[in-house]
1. With every protein chain left in place, what is the accessible area of residue A:92 in Å² (1.4 Å probe, nearest 10)?
2. Could you check what % of the DSSP bridge pairs in the protein assembly as shown are antiparallel, to the nearest 5?
3. Name the residue farthest towards the positive end of the dipole of the range B:87-171 from the options B:166, B:95, B:142, assuming +1 on Cβ of Lys and Arg, -1 on Cβ of Asp and Glu, about the Cα centre.
4. Rank these residues by their accessible area, most exposed first, probe 1.4 Å: B:144, B:161.
5. Give the calculated FRET efficiency between residue A:24 and residue B:28 to the nearest 0.05, with a Förster radius of 22 Å applied to their Cβ-Cβ distance.
6. About the Cα centre of the range B:1-53, how large is the charge dipole given +1 on each Lys and Arg Cβ and -1 on each Asp and Glu Cβ? Please answer in debye to the nearest 20.
7. Going by alpha carbons, how many degrees (0 to 90, nearest 10) lie between the helix axis of A:32-55 and the longest principal axis of chain A?
8. Give the ranking of A:108, B:103, A:29 by solvent-accessible surface, highest area first, calculated with a 1.4 Å probe.
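The values are calculated or read from the model by the stated rules, or taken from the named source; none is laboratory data. This is a predicted model, so every value here is computed, not measured. Every residue, glycine among them, receives a Cβ derived from its backbone with ideal geometry; neighbour counts consider all protein chains shown. The protein model used for the area step is the full one, side chains on, heavy atoms only, and it has no ligands, DNA or RNA in it. Shrake-Rupley method; radii C 1.70, N 1.55, O 1.52, S 1.80 Å.
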Amino acid sequence: MANGEGAGIKGRIQRWREDFPIRWLDDHYIARREFAKALTIGSALLVGVNAVIAAVGRWVRRPGQMEAEVPVGKASEIPTGGSVLFRYPTDEDPCILVRTQSGDLRAYSQVCTHLSCAIVHQSEKDSFLCPCHRGHFSVNDGRPTGGPPVRRLPRIWIEQRGDELWAVGKDS
Amino acid sequence: MSERALFIDYARCIGCQACVQACEECDTHRGQPMIHLETIRRRDSVQTAPQVCMHCEDPICAQVCPADAIKKGPDGVVHSALTHRCIGCSNCVLACPFGVPKYFAAIDQMMKCDLCYDRTSIGKKPMCATVCPSQALTFMTPEELERTRRGTAVNEWVFGEERVRTKVSVVVPHEVKEVHVNLVQLGKRREKAEPDDVAALLEEG
């Protein structure tokens, strides 16, 4: 105790009084050790909470999204350069499935990442075009290749079961 | 020039209650004065004495507070209970040798004089000293007091075996160096009522 506060009637300084001082100055005094402890615990908590959020995104929410499975059509009915429109995961989310020139099936959200116009497939250029502001996206990975959009189209994961195509998941 | 302090000159008190009324005006405890205006020997005299918090150097009220609610500022002012900590246990009310803290059952809180901290911390006089017409309560430097008053200011109190030093001083005759307050022996009934023991006087009829 810095200034003899807490010396009781008998003149003996009580140990507990140091934790509950009467003077403001003693009460508001923060020792270097307490400060370092608060910093350490605070950053440990920050790391822990971040890990929990990441874990929830990685393991807890993903299966819930994959539960929705929607039939898209038959693989044999889509020629090279052809496309099919469908909605996934809900009826509010328009999506497009295309067969690229190399013969792969690719599906993306049909909503342009610039200002949410509907994109159209251009089979001869093997790309998507947003007619509103002439935004271009690659059909292979959905990345913007020209125009104002800067974010890629969300990918829809397609699974082939026999001849049936099913939409089974969506990248955010 | 030393710092201004509060002085109580009991001999000057005329019992006008101005300090009590002024204290009541404060927004933090509107309608509830923190000053006790005591009547001394009611049967024989009209003498009254104002009692504000004396702001002890080692505040007993804070020592006995189990909730750590009473704090003392760096300038020696003992503050009223922190409202979120005070549990209304009345320990301080019982412990204070001057009888200053008051317990308010309606809000289950203790409140006491904090030397008008909002005013004195920015150099203004406390409200009671501002209004006192006879300057029984006065806020001035010790030099000013010495120049204008007959007695000397004393802030040493002796209660039985307990010595208390206070921030607020009282004006007493020159020969008095410390104020001795006699203690009442509990459980011992006097044969004749003391002249200032009003309760016993009423019993006698």
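1. That residue has around 150 Å² of solvent-accessible surface.
2. Working: 53 of 59 bridges.
The answer is about 90 percent antiparallel.
3. After comparing all options, I get B:142.
4. Result, largest first: B:161, B:144.
5. Values: r = 18 Å, r/R0 = 0.83.
Taking R0 as 22 Å, the efficiency between residue A:24 and residue B:28 is 0.75.
6. Values: 6 positive and 7 negative charges, 52 e Å.
Approximately 240 debye in magnitude.
7. Roughly 20 degrees, rounded to the nearest 10.
8. Most to least solvent-accessible, the answer reads A:29, B:103, A:108.
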